[in-house]
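To keep things clear, I will list the structure first and then write my remarks on it.
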Amino acid sequence: METVWTLLAFVMILGGWMGFNYWRLRQAATVIDNGEFAEKIQGGQLIDLREPGEFRKKHILGARNIPYQQLRQSTAALRKDKPILIYENDRGQLVTPAALHLKKQGFSNIFILRYGLNGWNGKTKVAK
């Protein structure tokens, strides 16, 4: 019986943590679909958070590669007066901490591509 209570407590804590992170992400950025993302590219700063090798293989046309691990050092190269659009392959592990970091640095218009590059149906550049 004690194992059941321990497992239940663990599930509740995990669920609470996931809910808290979801709430934090919603405070920092807006997750948008392909159409809205494509509209915002024109006036925004399009950032691909993936590693350079993945970026070279395929990326959204007009994207700039700033791997997540280098984002903290590259924040000064971004303009705070223009929207920031970020993506990776799916909407996975990198966009949330990237959005939180950018928000903490004073950026206010941060957008995340729902389903990332894998779900993108717009123009891309593919290595030959």
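The values are calculated or read from the model by the stated rules, or taken from the named source; none is laboratory data. All values reported here derive from a predicted model rather than from experimental measurement. When we count neighbours, we look across all protein chains shown, and the Cβ atoms used for this are built from the backbone with ideal geometry, even at glycine.
Kindly provide the set of residues from segment 1-39 that are modelled with pLDDT of 80 or more and outside any helix (DSSP H, G or I), ordered by number.
Within segment 1-39, ALA29, THR30, VAL31, ILE32, ASP33 qualify.
Taking segment 81-100 as the search range and keeping residues that are surrounded by fewer than 17 Cβ atoms within 10 Å (Cβ to Cβ) and at pLDDT 95 or above, which one is farthest from HIS59 (Cα to Cα)?
Checking each candidate, the answer is ASP81.
What number of residues within segment 58-75 are within 14 Å of TRP120 (Cβ to Cβ) and basic (Lys, Arg)? First the steps, then the outcome.
So in segment 58-75, the residues within 14 Å of TRP120 (Cβ to Cβ) come out as 58-63.
Remaining after also requiring basic (Lys, Arg): 58.
Summing the residues that are within 14 Å of TRP120 (Cβ to Cβ) and basic (Lys, Arg) in segment 58-75 gives 1.
Within segment 40-128, which strands (runs of 3 or more DSSP E) (wholly inside it) include 2 or more residues that are farther than 17 Å from ALA28 by Cβ and without any contact (Cβ under 8 Å) to a residue 40 or more places away in the chain? Let's see the steps before the verdict.
Working: elements: 45-48, 58-60, 84-87, 110-113, 124-126.
Because the criterion is at least 2 residues that are farther than 17 Å from ALA28 by Cβ and without any contact (Cβ under 8 Å) to a residue 40 or more places away in the chain, no strands (runs of 3 or more DSSP E) in segment 40-128 meet it.
Looking at PRO67 and the list (1) under 23 Å from GLY35 (Cα atoms); (2) out of contact with any Ser or Thr (no Cβ under 8 Å at 6 or more places or on another chain); (3) modelled with pLDDT of 95 or more; (4) not basic (Lys, Arg), which single condition is not satisfied?
Just one mismatch for PRO67, condition (1).
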